[in-house]
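Trainee: My questions all concern the structure below.
Readers should treat all values here as calculations from the given coordinates under stated rules, not as data from a laboratory. These numbers were taken from a predicted model, which means no experiment stands behind them. Please note: Cβ atoms are built from the backbone with ideal geometry, for glycine as well, and neighbour counts cover all protein chains shown.
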Amino acid sequence: MRDGFDRLTERQKDCLRLKYGQHETKAIAAKLSISPDMVTQHLKRARQHLGVSRSSEAARLFAEHEGLSPSHPVVSPPTELNETPEMGNLASSAIEPDETIIVQEVLVPYTAQQPMEQRSLGWPVPTARRPTNTLSRVEMLGWALLIAFMAVSLLGAMRGLLH
């Protein structure tokens, strides 16, 4: 297993760290400025190196290997504590110095709601702000249809001028 960690590339490690942070493939791609397909390939190779079948398992193993802590643990009291002190009775329920308090950490998956942002249609060619193709399949299809429509319109106009 140690050999598997040594064979991971830096990009695979970056993908695993973000996957451990509960990021989806598209979010990882956006953060690393690569395509979602590349993220999938990096995670696939990392799974192969670590000998697991799920990316979340590979991310967990890598996080343990690096000593990463969970990003947002939820702390709750242990189940054997049934009574909670009343608000007016806090002074009488003070903890003695020799008492031990048990705190249990529970990991809870979460998704952060991002504000809806206005996204304009991206260009089908690389630009300074978007050096890699990050268009969705629907956007690619839209561009293909637009280009085809424009080509047919231009040919029709040229044909009309010649006759």
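Trainee: If you go through the range 18-72, how many residues are among the polar types (S, T, N, Q) and touching a residue at least 12 places away in the same chain (Cβ under 8 Å)?
Mentor: 8
Trainee: Restricted to the range 1-38, and to residues that are small (Gly, Ala, Ser) and farther than 19 Å from His65 by Cβ, which residue is surrounded by the fewest Cβ atoms within 10 Å (Cβ to Cβ)?
Mentor: Ser33
Trainee: Inspect the range 39-51 for any residue being aliphatic (A, V, I, L, M), surrounded by 15 or more Cβ atoms within 10 Å (Cβ to Cβ), within 11 Å of the chain's Cα centre (by Cα) and under 22 Å from Gly4 (Cβ atoms) and give the result as yes or no.
Mentor: Applying the first criterion (aliphatic (A, V, I, L, M)) to the range 39-51 yields 39, 43, 46, 50.
Pick out the ones that are also surrounded by 15 or more Cβ atoms within 10 Å (Cβ to Cβ) and you get 39, 43, 46, 50.
Then keep just the ones that are within 11 Å of the chain's Cα centre (by Cα); that gives 39.
Okay, now just the ones that are also under 22 Å from Gly4 (Cβ atoms), so 39.
Yes, the range 39-51 contains a residue that is aliphatic (A, V, I, L, M), surrounded by 15 or more Cβ atoms within 10 Å (Cβ to Cβ), within 11 Å of the chain's Cα centre (by Cα) and under 22 Å from Gly4 (Cβ atoms).
Trainee: I'm checking my understanding of the structure. Among residues of the range 121-163 that are basic (Lys, Arg) and under 32 Å from the mean Cα position of the chain (by Cα), which one is surrounded by the most Cβ atoms within 10 Å (Cβ to Cβ)?
Mentor: Ranking the qualifying residues of the range 121-163, first place goes to Arg130.
Trainee: Among the residues of the range 52-63, which ones are crowded, with 16+ Cβ neighbours inside 10 Å and out of contact with any Lys or Arg (no Cβ under 6 Å at 6 or more places or on another chain)?
Mentor: Across the range 52-63, the qualifying residues are Val52, Arg60, Leu61, Phe62, Ala63.
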